[in-house]
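One structure below.
The values are calculated or read from the model by the stated rules, or taken from the named source; none is laboratory data. These numbers come from a predicted model, not from an experiment. Quick reminder, even Gly has a Cβ in these numbers, built from the backbone with ideal geometry, and neighbours come from all protein chains shown.
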Amino acid sequence: MCSNVKSFEVGLLVHPAVMFMNSNKSESNIRQIIQQNRQKCSMAGIALMNETIVNKGPNRDIDRDAVNMLITRLITGQYDTVVVENMADITADESDLEEFMYDAANIGVGFFELSTMQYHMYDITKCPADKERPVWGGSRGGL
């Protein structure tokens, strides 16, 4: 995991969440997976809402259209959490993941990883000086 990421178990707070997943499965299989994940999330205080962004790309790396759609949803401020099966679903490249998590933290967004049942939030108080600019714009209060 990235060096500036704090991970912890989620308590009783309810975090409205959007799911991001990599899958080439059929729509009916994706719906089943989402239902199962919604139950897992609810046990951890995460309210998985009705939007899921599916990266149907040919590889495990993040697809530009899928990530742009995710960013668009996040800057509206209606979600404070992104649910993923595994953090590597976003990207396998650690520096890209760290940059993505940093940008998300700047608008108050964290990540819930289903495989570990942990909530991850980039610690922007420990950022190096070269990361002092918000990339996505918009604003969102903390968790």
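Only one of (1) closer than 29 Å to THR125 by Cβ; (2) modelled with pLDDT of 90 or more fails for THR91. Which number is that?
(2)
Going through the range 58-88 one residue at a time, which ones are modelled with pLDDT of 85 or more and among the basic types (Lys, Arg)?
ARG73
Inside the range 76-100, can you point out the residues that are assigned to a helix (DSSP H, G or I) and surrounded by fewer than 16 Cβ atoms within 10 Å (Cβ to Cβ)?
GLU94, SER95, ASP96
Considering only residues that are outside any helix (DSSP H, G or I) and either surrounded by 19 or more Cβ atoms within 10 Å (Cβ to Cβ) or at pLDDT below 90 (or both), which ones fall in the range 109-124?
Once the filter is applied, which keeps residues that are outside any helix (DSSP H, G or I) and either surrounded by 19 or more Cβ atoms within 10 Å (Cβ to Cβ) or at pLDDT below 90 (or both), the range 109-124 yields VAL109, GLY110, PHE111, PHE112, GLU113, LEU114, TYR119, HIS120, MET121, TYR122, ASP123.
Does LEU70 count as surrounded by 18 or more Cβ atoms within 10 Å (Cβ to Cβ) and in contact with a Gly (Cβ under 9 Å, 6 or more places away or on another chain)?
Criteria not met by LEU70.
Taking the range 77-100 as the region of interest, how many residues are in contact with a Cys (Cβ under 9 Å, 6 or more places away or on another chain) and among the aromatic types (Phe, Trp, Tyr)?
Residues meeting the conditions: 0.
What about LYS40, is it at pLDDT below 90 and more than 14 Å from the chain's Cα centre (by Cα)?
No; evaluated as a whole, the condition is false for this residue.
I'd like the full set of residues that are in contact with a Ser or Thr (Cβ under 8 Å, 6 or more places away or on another chain) and either outside any helix (DSSP H, G or I) or of a type in the set (Ser, Thr, Tyr) (or both), limited to the range 32-53.
ILE46, LEU48
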